[in-house]
Amino acid sequence: MQIKANTVVSLNYSMFNMEGQLIDQNREPIVYLHGDYDNILPAVEASLEGKQAGDKVSVLLQPEDGFGDVIPEFVREEDISAFPPDIEVGMMFETRDPETEETMQFRVLSIDAGVVKLDGNHPLAGMTIRFDTEVLEVRAATDEEVVHGHAHGVGGHHH
């Protein structure tokens with residue numbers, strides 16, 4: 001079966017930076033509902049259209065097609081008193097904008113002289129990435145999966 005709208009796709013992936021270093025890969029196959037449901041990066045989804053089990057696809061993702069450009073306004077400095085005493089570089093914090101109710105995650109970049117430097121950009125923002133995939137399985141989505149907009153069952157979403 002070929003990948004098309006309203007098929008459930010199971011795949012393995014590896015992501016590499018432009019120096020060829022592995023930066024991420026799945027441990028268990030990922031399963032997603034294909035067809036503009038925002039379940040996978042759009043450029044990756046487009047490259048998988050028409051493929052079938054056993055096919056391998058490699059996509060070069062520019063920042064705008066992957067994890068976005070670095071937004072300088074997302075890098076902030078805050079007084080250390082706003083954080084728990086066990087704060088460490090690399091920790092993640094979630095905040096909610098009181099006006100928009102939008103949540104945002106920040107990563108601690110540094111702690112120096114009572115000031116915590118935070119970054120709300122995705123860790124891969126600004127990077128060109130090679131995204132390699134191997135299609136493991138393709139099946140027709142159930143009516144319920146289409147209505148819910150995601151895959152169910154083994155490897156998919158569980159309610």
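The values are calculated or read from the model by the stated rules, or taken from the named source; none is laboratory data. Keep in mind it's a predicted model, so treat the numbers as computed, not measured. Please note: Cβ atoms are built from the backbone with ideal geometry, for glycine as well, and neighbour counts cover all protein chains shown. Accessible surface is based on the protein model in full, side chains and every heavy atom, while ligands, DNA and RNA are left aside. Shrake-Rupley method; radii C 1.70, N 1.55, O 1.52, S 1.80 Å.
Observations on the structure shown:
- Test: ALA53 is touching a strand residue (DSSP E or B) at 6+ places or on another chain (Cβ under 8 Å) and outside any helix (DSSP H, G or I): yes
- Positions within the stretch 91-107 being open to solvent by less than 60 Å² (accessible area, probe 1.4 Å) and either at positive phi or among the aromatic types (Phe, Trp, Tyr) (or both), in sequence order: PHE93, PHE106
- Among the residues of the stretch 25-41, those identified as in a strand (DSSP E or B) and touching a Ser or Thr at 6+ places or on another chain (Cβ under 6 Å) are GLN25, VAL31.
- For the stretch 1-23, residues that are part of a strand (DSSP E or B) and either touching a residue at least 24 places away in the same chain (Cβ under 8 Å) or within 20 Å of LYS51 (Cα to Cα) (or both) total 11.
- Only one of the listed residues (VAL59, VAL75, VAL70, VAL44) is under 20 Å from ALA125 (Cβ atoms), of a type in the set (Val, Ile, Thr), without any contact (Cβ under 8 Å) to a residue 60 or more places away in the chain and open to solvent by less than 60 Å² (accessible area, probe 1.4 Å). That residue is VAL75.
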